[in-house]
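Trainee: Sharing a structure, written as structure tokens. Questions coming.
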Amino acid sequence: MKLEELPIEFEQARPVLQTLESAGFEAYFVGGCVRDTILGKPLHDVDIATSAYPEEVKRLFSRTVDTGIDHGTVMILDHGTGYETTTFRSESTYTDFRRPDEVTFVRDLAEDLKRRDFTINALAMKEDGTVIDLFNGLADLEHHVIRAVGNPEERFHEDALRMMRAVRFASQLAFNIEPETQQAIKDNAALLTKIAVERIQVELIKLLTGKAPQMGWSPFMQTNLATYCPTFAAYPAGLSRISNRLTQACPDELSAWTLLATAFQLTSTETAGFMRTWKTSNVLNQAVVLATKAAETLLQESLATTMLYRTGRANLLAANFVAHELGAPDRQPELEQAYDELPIKTKKELAITGRDLIQTGIQPGPQLGQILANLEQQVVLGQIANDPTQLLAAAKQTD
Ligand SMILES: Nc1ccn([C@@H]2O[C@H](COP(=O)(O)OP(=O)(O)OP(=O)(O)O)[C@@H](O)[C@H]2O)c(=O)n1
Ligand SMILES: [Mg+2]
């Protein structure tokens, strides 16, 4: 197969391949960029593999950075925004189910491709668009199949995260996992416990935000990968709820986490602990706690004005998505309207500050905080205008 018209990203990287080739080396585009081009999907990074050893690559270009030199990866900055170029590798034994014990550089493309995870990811492309397909990746792309390269068991022993990659690609591409590959995941699912939670998390979120989430979620459940994800084994009912209900891609990471916490029926404290186990950022954790609370409320009743205010716009949208997926009516337009009509959106917008109150003679302290909080609530509820004169008068009355 030869692709006649290549996306602009390849055109820009072409001089890198040409330089390597004129020096007598082989060089190819590899991995996700080839797969996504054939699928007609937009590219996010262009990876290059070459027979040149790292030192040889560095001699051929004037500006390079050793981004992963031990693994053979050099960043070439001579053209465009920079291209990661990795020397063909053949990896030996894997004792920890994560990384090879040692990396051996080789001159042969086939050696490199046969240690890659799935046939659709083991395609290489020359700079002229010729596709090298040693493992029938093109047929699998055409038939929408995720199949391990060679022996699936070996591939999952090399890196157990690949089992999560299988289910996330199934969701992102709406592909089916080939039965032997799926069976090998089931047989080896427990190896997931060897993998860092940060790496699992990335794949889990890609699964939930993928365009066909059930195509990933269903093998994720059937192979027991779900049970070996941190914390998940404690929530069988919540997991089934997602299996039975989820139909749409989560619009973002916030919605994905909110979906999990809501389906698992976590309290705010439990949600915060759950997110800490998954090692997500504090900013995201706080948002998920608020959105989960709102989603749980939306599943029972409508949201009070103070809750709209406390939750915030982005968290409300996530809460509505999740509540809707889990069976509540879609209230997005009315929630957005109600939120946009709030007289103020944050405390910062309140027309007076603590300092203003102190200037009128109110003593600093907890009582002042309480007065301010009451005024804030009254403004949110539309009981008083957000006007300094009126707010100060009301403050004096309560003092
Ligand atoms: N555990 C892994 C991770 C990556 N790869 C190989 O390295 C390539 C690039 O990896 P990565 O960028 O992580 O994945 P992509 O397939 O490019 O997918 P994405 O679109 O998410 O970047 C993959 O295509 C695959 O050939 C692999 O064999 N095993
Ligand atoms: Mg990639």
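The values are calculated or read from the model by the stated rules, or taken from the named source; none is laboratory data. Given the structure is predicted, the values throughout are model-derived calculations rather than measurements. Because the Cβ atoms are built from the backbone with ideal geometry, glycine has one as well, and the counts that use them run over all protein chains shown. SASA here: full protein model, heavy atoms, side chains in, ligands and nucleic acids out. Shrake-Rupley method; radii C 1.70, N 1.55, O 1.52, S 1.80 Å.
Trainee: Using the alpha-carbon atoms, what tilt in degrees (0 to 90, nearest 10) does helix 213-222 show relative to the longest principal axis of the chain?
Mentor: 80
Trainee: Which ³J(HN,Hα) values in Hz, rounded to whole numbers, follow from the phi angles of the stretch 74-86 under the Karplus curve 6.51 cos²θ - 1.76 cosθ + 1.60, where θ = phi - 60° and Gly and Pro get x?
Mentor: Along the stretch 74-86, the couplings run 10, 8, 9, 9, 5, 10, x, 7, x, 10, 7, 10, 10 Hz.
Trainee: Once the dipole of the chain is set up with Lys and Arg at +1 and Asp and Glu at -1 on Cβ about the Cα centre, which of V149, Y309, S218 lies farthest towards its positive end?
Mentor: Farthest along the dipole direction, towards plus: Y309.
Trainee: For a label point 7 Å from the Cα of K41 along Cα→C-beta, name the residues of the stretch 172-187 whose backbone N is under 14 Å from it.
Mentor: 172-177
Trainee: Please find the FRET efficiency linking D356 to E336, where r is the Cβ-Cβ separation and R0 is fixed at 22 Å, and quote it to the nearest 0.05.
Mentor: So the FRET efficiency works out to roughly 0.10.
Trainee: If you don't mind, another one. Mind listing the long-range amide H neighbours of A328? Cut-off is under 5 Å, sequence gap 5 or more, other chains count too, H placed in the peptide plane at 1.01 Å from N.
Mentor: none
Trainee: Can you run phi through the Karplus equation (6.51, -1.76, 1.60; θ = phi - 60°) for the stretch 256-261 and list ³J(HN,Hα) in whole Hz, with x for Gly and Pro?
Mentor: Ordered by residue, 3J(HN,Hα) equals 4, 5, 5, 4, 4, 5 Hz.
Trainee: For the pair Q300/Q222, report the inter-label distance in nm, with labels modelled 7 Å from Cα in the Cβ direction.
Mentor: Between Q300 and Q222, the simple spin-label model gives 3.7 nm.
Trainee: Still on this structure, please answer the following. Among L191, Q383, W257, flag the residue with its Cα farthest along the positive direction of the charge dipole of the chain, charges on Cβ as +1 for Lys/Arg and -1 for Asp/Glu.
Mentor: Checked the options; the winner is Q383.
Trainee: Could you give each residue of the stretch 233-243 its phi-based ³J(HN,Hα) in whole Hz, using Karplus coefficients 6.51, -1.76, 1.60 with θ = phi - 60°, and x for Gly or Pro?
Mentor: Using θ = phi - 60°, the values come out as 4, 7, 10, x, 5, x, 4, 5, 4, 5, 4 Hz.
Trainee: Mind pulling the angle between the C-alpha long axis of helix 313-325 and the longest principal axis of the chain? Nearest 10 degrees, somewhere in 0 to 90.
Mentor: 70
Trainee: Oh, and also: Return the loop-located trypsin sites (Lys or Arg not before Pro) in the stretch 136-183 (DSSP other than H, G, I, E, B) with at most 10 other Cβ atoms within 10 Å of their own Cβ; answer none if there are none. List each step's numbers first, then the result.
Mentor: Working: sites: R147, R155, R162, R165, R168; in loops: R147.
For trypsin sites (Lys or Arg not before Pro) across the stretch 136-183 that sit outside H, G, I, E and B with at most 10 neighbouring Cβ atoms in 10 Å, the list is empty.
Trainee: Which of the lysines could be linked to K211 by a straight reach, that is with a Cα gap under 21 Å, when you skip same-chain ones fewer than 8 residues away?
Mentor: K41
Trainee: Between 0 and 90 degrees, rounded to the nearest ten: what's the tilt of helix 197-209 against the longest Cα principal axis of the chain?
Mentor: For helix 197-209, the angle is close to 80 degrees.
Trainee: Now a separate question. Dipole of the chain, Cα-centred, from +1 at each Lys and Arg C-beta and -1 at each Asp and Glu C-beta, to the nearest 20 debye?
Mentor: Around 1180 debye, computed over the chain.
Trainee: If the cut-off is 20 Å between C-alpha atoms, which aspartates and glutamates fall inside it for K279, apart from same-chain ones fewer than 8 positions away?
Mentor: Partners within reach: E198, E203, D252, E253, E270.
Trainee: Is there a quick way to get the dipole size of the stretch 347-397? I mean about its Cα centre, with the Cβ of Lys and Arg at +1 and of Asp and Glu at -1; what is the value in debye to the nearest 20? Don't skip to the end; give the middle numbers.
Mentor: Details: 4 positive and 4 negative charges, 22 e Å.
Using Cβ point charges on Lys, Arg, Asp and Glu, the stretch 347-397 gives about 100 debye.
Trainee: Which of the three applies to the stretch 246-342, rounded, prolate or oblate, going by the alpha-carbon gyration tensor with a ≥ b ≥ c and a/c under 1.5 meaning rounded?
Mentor: Verdict is prolate for the stretch 246-342.
Trainee: Further question: Checking the a/c ratio against 1.5 first, then a/b against b/c, what shape does the Cα gyration tensor give for the chain?
Mentor: Numbers: a/c = 2.68, a/b = 1.95, b/c = 1.37.
The shape class here is prolate.
Trainee: Let me ask you something else. Using R₀ = 30 Å, calculate the FRET efficiency as 1/(1 + (r/R₀)^6) where r is the Cβ-Cβ separation of D66 and V283; round to 0.05.
Mentor: It comes out at approximately 0.40.
Trainee: Of the heavy-atom accessible surface of the chain (probe 1.4 angstrom), what whole percent is carbon and sulfur?
Mentor: 48
Trainee: Taking K396 as the anchor, which lysines have their alpha carbon closer than 19 Å to its alpha carbon, excluding any fewer than eight residues away along the same chain?
Mentor: Correct list for K396: empty, as no lysines qualify.
Trainee: Which of these, R35, R115, R331, has the largest mean-square fluctuation under a Gaussian network model of the chain (Cα springs below 10 Å)?
Mentor: Of the options given, R331 has the highest mean-square fluctuation.
Trainee: Shifting gears a bit: Using the crude model of +1 on Lys and Arg Cβ and -1 on Asp and Glu Cβ, and no other charge, please compute the dipole size for the stretch 1-152 relative to its Cα centre, in debye to 20.
Mentor: On the way: 16 positive and 28 negative charges, 29 e Å.
Here the stretch 1-152 has a charge dipole of around 140 debye.
Trainee: Return one whole number: the accessible area per residue of the stretch 1-145 in Å², for a 1.4 Å probe.
Mentor: 47
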